Amino acid sequence: MPQDKPWVSHAEIMDRLRADAAGHCGPAGGAEERIRRYGAPVGCVVEHHPRLDRCMLRLRHLVHRARARNTTLASGTVVVADSLSGSSGRFDRSWHAPEGGLWLALAWADTLLPRYSALLPLAVGIACCETVRALGVDGAIRWVNDVHADGRKLAGILSETMATPDGERFHLLGIGLNVNNMDFPPELTAAATSLRAETGCRYERRAVAIRLLARLAWNIGLVHYCEERGLAEGGAAVAGPATAPLIDRWRRLSDSPGRRVVYGYDVVKTPLYRARVEDIDPEGGLRMVLDDGSLLTEYSGEIRYLD
């Protein structure tokens, strides 16, 4: 059962967001306040559990429970667990989620146009990378949104969309961040790391959660601001100038451009081809150059680095 007293309060998240605002390279023209307003619902409700199967499953339950009561789950609701017993990543890959890590999921109402909602996974990756850098680790984003330090994974992100029978839709954004956990299963020892392993410092998980949720509020708000810009420009498709504030932030934090990679929808089980990453486009698609010089852009799937 969730604890009666909020583990993290919305006021703490908003205070952190305001404190961080000066450090963000926000768009010019006084847009910072609009971005904060767009992202303000993040953490309006924070439900904390000592242990869960999966945070996303709990969010799905809350969505359906609200519907059964003829209400709607508040957009921005967050579920946090101290440990997970059935956690998984993409393609049902197991995710080690013991005590010491930060395991959470956010429900965000699907109000964005599809071409902008597709940018939410990038926004979550940016928020995670900004958080670990603020905490002393030189993390980088591997497209789309894995956060690693020197090739060892620090954070994993899973995005799902759910719809109720009456058409209500939510984006479920799950985040697993290795904070103080130091012991990994043998198959992950060489591939995973944590904040504590990187710095030798023990972190207060509430403080990490507050910082992460504040960064989520900013970057999700930025996606909505990009939509506002795009609609004001009257474009039917995402244009570079409209999404540049988010795409530029991703570029500054990613080490994918210039890397030689193997690409696949499920790259572990079914790698499809090798290429060199050129860039990402204004819609978040990965531009890659094949060995024969041809250019491909992928909007889903994943990569692994070869160099």
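Considering only Pro165, Val144, His61, the residue lying farthest towards the positive end of the dipole of the chain is His61, judged by Cα position with unit charges set on Cβ. Legend: Rg and Dmax of the chain, from Cα coordinates, 18.7, 60 Å.
What the pair-distance distribution of segment 261-307 shows, using all Cα-Cα distances binned every 10 Å from zero, is 30, 58, 12 percent. To the nearest 500 deg cm²/dmol, what mean residue ellipticity at 222 nm is calculated for the chain from DSSP H runs of n ≥ 4 alone, each contributing -39,500 (n - 2.57), summed and divided by the residues? Here the helix-only value at 222 nm equals -10000 deg cm²/dmol.
Using the alpha-carbon centroid of each, what span in Å lies between segment 199-259 and segment 110-157? Segment 199-259 and segment 110-157 have Cα centres spaced 8 Å from each other. Helices assigned as whole DSSP H runs in the chain whose Cα atoms extend at least 30 Å along their own long axis and whose mean Kyte-Doolittle hydropathy is -1.0 or higher are found at 205-233.
So for Thr71, Thr131, Thr164, fewest C-beta neighbours within 10 Å to most, what's the order?
Working: Thr71 9, Thr131 26, Thr164 15.
Going from sparsest to densest Cβ surroundings: Thr71, Thr164, Thr131.
Backbone geometry of segment 149-157 corresponds, through the Karplus equation with coefficients 6.51, -1.76 and 1.60 at θ = phi - 60°, to 3J(HN,Hα) couplings of 10, 6, x, 9, 6, 9, 9, x, 10 Hz, x marking Gly and Pro.
The packing ranking of peptides 105-115, 251-261, 135-145, highest mean first, is 135-145, 105-115, 251-261, where packing means the average number of other beta carbon atoms within 10 angstrom of each residue.
The charge dipole of segment 256-305, taken about its Cα centre with unit charges on the Cβ of Lys, Arg, Asp and Glu (plus for the first two, minus for the last two), comes to roughly 300 debye.
For Cys128, the shell of other residues with beta-carbons less than 13 Å away shows a net charge of +4, using +1 for Lys and Arg and -1 for Asp and Glu.
Rule-based calculations on the coordinates, nothing more; no lab input. Note that the structure is a prediction, hence the values are computed from the model and not measured. Virtual Cβ from ideal backbone geometry, glycine too; neighbours counted across all protein chains shown.
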